[in-house]
1. Restricting to DSSP loop positions (anything but H, G, I, E, B) with no more than 15 other Cβ atoms inside 10 Å of their own Cβ, which trypsin sites (Lys or Arg not before Pro) remain in the stretch 362-445?
2. Angle, helix 172-183 long axis vs. longest principal axis of the chain, Cα atoms, 0 to 90°, nearest 10?
3. Among the trypsin sites (Lys or Arg not before Pro) in the stretch 10-64, which ones are in a DSSP loop with at most 15 other Cβ atoms within 10 Å of the Cβ? Mind listing them?
4. What translational diffusion coefficient, in µm²/s and rounded to a whole number, does the Stokes-Einstein relation yield for the stretch 568-678 at 10 °C and a viscosity of 1.306 mPa s, taking the hydrodynamic radius as the Kirkwood radius over Cα pairs?
5. What ranking of Val135, Val634 emerges when the number of other C-beta atoms within 10 Å of each C-beta is taken as an exposure proxy, fewest first?
6. Long-range amide H contacts for Thr77: which residues qualify at under 5 Å (H placed 1.01 Å from N, peptide plane, sequence gap of 5 or more or a different chain)?
7. Per DSSP H run of at least 4 residues, take -39500 (n - 2.57); add these up for the chain, divide by its residues and hand me the 222 nm value, nearest 500 deg cm²/dmol.
8. Counting each pair of different Cα atoms once, what's the Kirkwood radius of the chain in Å, rounded to one decimal?
Amino acid sequence: MRVELPPEPVHFVNRDEERQRAVRAVEEWRGRSRPLVLSLSGPGGLGKTELAFLIARTLSDRFADGVLTVDLDDFRTGGELDPGEVLAQLLTSLDVAPDLLERQFRARCRQYWNMTSASRLIVVVDNARYASEVVPLLPASGDSLVIVASHGPLYDLEDGAAVDMALPPLTDPVATELLERVVRDPRLAADPAAARDMVRMCHGLPAALHVAGRWVRAHRVRPLPRLIADLRSELDEKGVSSGVERVWDAAYRGLSAPAAALYRLLPDHPGPTFTPESATALLGQGPAAGQDALEELDRAGLLQLSAAWQEENGRMRLPGPLHAHARRRARSHDEQGESAEAQARLLRWFVRQAQLADRYTAGRRLVVADRLDPVPGAPDVPLEDPGATDDPAVRAVRTERAARWLHAERHTLYACVRRAHARGLDAEAVALCEPVWTHALDHPHQSDVSEVFRLGAACAARSGDQAWIVRMRCQLARPLWESGRLDEAGHELDSAMAAVGLLGESDRDRKLRASAIEFRGMLNSARGDWNAAAADFARSRDVHLAIPNPYGVLLQTYRLGQARAELGDLESASRLLSEAYEAAVADHRERMSARTGFVLGGVLRRLGRADEARRLYRQALEGAHRRGSAFDQVRILDAFAETDREQGLGAQEAEHRAAARDIRRRNGLLPPGPDDRR
């Protein structure tokens, strides 16, 4: 059972009525055709998220399949939610293999429903804005529970919101109790009138009370009346202001210069979340200053580090109200150029980190952008070069770590490309698109990728650099044809081929020429024109032979062998694929060895050489198990079953089909079987 809940809060008061209503609603729920939905609504700072987690923790023993949590603000870009990525996180939490995630949104919804149709599950959805964002996340089982936290009521949630709880502010006595728990300071008891004034300034908002409590703890000597006077100073200077705003202003004024600068700069961080490393780069004063500033913001109640360390990458986010407050403080700050300089530094830093992660993930390969040097005051992320060790296991770990960094930072990288394009930073946009390409190869059909590559192509065209134009047009073409937009992909490749004619004769330019021809061959493959594809792959192979570029030769030999197999020329396909397979094995390229070996096995099977095919399938299956590739395991098991069928081996065929079916069912690609129903 997976339980994605943070530690219970140290200080939490009241909300007993809401918790009791939640328990009663679960006990009385009879709508078994859909899950029960509890909707918690109210403005920022009321403690909706903490209450949602407390309710989930209270009820978790009634839901045998665990508790999943998702914060929708982590998946917003420019205010727009990517629902497919939200479903991808939930499916991953349900142990769906990443390479078996459905690519299209509708198919991914069906996969989620398959995975949850027999479940007793709690799903906590934080920061919902509209009911339409929540509906695709509802489990298919009426035995499940969904707890939604939103700033306003989700009126259009149809009949799902069986319990709609609008949270009121804390009453003065309860707010006083919370403040006393947070502070534990005798001054509160000694001066109850001053304590009441402080409570009323916080307007019953737990977030404001926590900040005020930290502020009181930080000033142990000052009497309460003086502290309250300081809290009110902003109100006196600027007139009407909300209670929580005054508390945040007071906390901000007590920050050191580096912490205050970081707070002002954080709203300009691209993407919905940030890490300690990227915050350090934004500040630009080195790791010690960055760490100290983050800790100081946490102590002041202007940032929550505790939740971040529950995440694998220590990701953090300024909640919406604090984000807006920090932006207001930045606008009122009188130092010119602070934000622009920080944003430029952070953009260069992300380009460099993405380039390192790209090289460590994909190995040394053709790139068209210059590699950036280290950024002063912003140390690199601690990724290690897989090529610096001879140990295969260590190499694999380092490669996977770099790939995970690219995946974790994908939304931020997309945002950086948008920002670079908007500011006319063409070189930075192109440089970022190359690592995005590496990530997109392993995670195709992401909704933002086509837009990112389109911006990269626009930057390349604006720059007039022909090599950039070839690279960006080719990268844009692939997601277009993968989504069925073949004519648009053809237009991009026509533009790429026109730019190819303006390239020189350097090794890089010749590799780009070969790459563009290969992309045209892949588009012809997608169109089903295998004769044209074979001709393109052969031509690309000839260019690589002439350079010479051994890996390019290997790859085009493999693609040409695939094309000859599709055309029915099995002897030629067998020869070409055998050549590619042997080269991949000799070069210790495990993934390429598996790809070529699997396709070669299919050709040998069609040639009646089943024993040789089985040997290759077995090797490919062992490699798929080592890599944890469920997608490859399924297709290899299917190929094994077909080989069994052709040889009349019914028992083995049934075994292989059952194994493939079990993987599909476990990953939501098939509805649960009778034995899976609880």
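Computed from the coordinates by the stated procedures, all read-outs in this text should not be read as laboratory data. The shown structure was predicted, so the numbers you read here are calculated from the model rather than taken from an experiment. Neighbour counts are summed over all protein chains in view; Cβ atoms, including those assigned to glycine, are modelled from backbone coordinates with ideal geometry.
1. Working: sites: Arg364, Arg365, Arg371, Arg395, Arg398, Arg401, Arg404, Arg410, Arg418, Arg419, Arg423; in loops: Arg364, Arg365, Arg371, Arg423.
Filter output for the stretch 362-445: Arg364, Arg365, Arg371, Arg423.
2. 70
3. Numbers: sites: Arg15, Arg19, Arg21, Arg24, Arg30, Arg32, Lys48, Arg57, Arg62; in loops: Arg15, Arg30, Arg32.
Those that pass, being in a loop and sparsely packed, are Arg30, Arg32.
4. Details: Rh = 14.8 Å.
Diffusion coefficient, whole number: 107 µm²/s.
5. Working: Val135 16, Val634 22.
Ordered from fewest to most neighbouring Cβ atoms within 10 Å, Val135, Val634 come out as Val135, Val634.
6. Excluding prolines and chain starts, which carry no amide H, the hits are Asp82.
7. Working: 31 runs with 425 residues, N = 678.
That calculation yields -20000 deg cm²/dmol at 222 nm.
8. Working: mean 1/r = 0.0354 Å⁻¹.
That comes to 28.2 Å for the chain.
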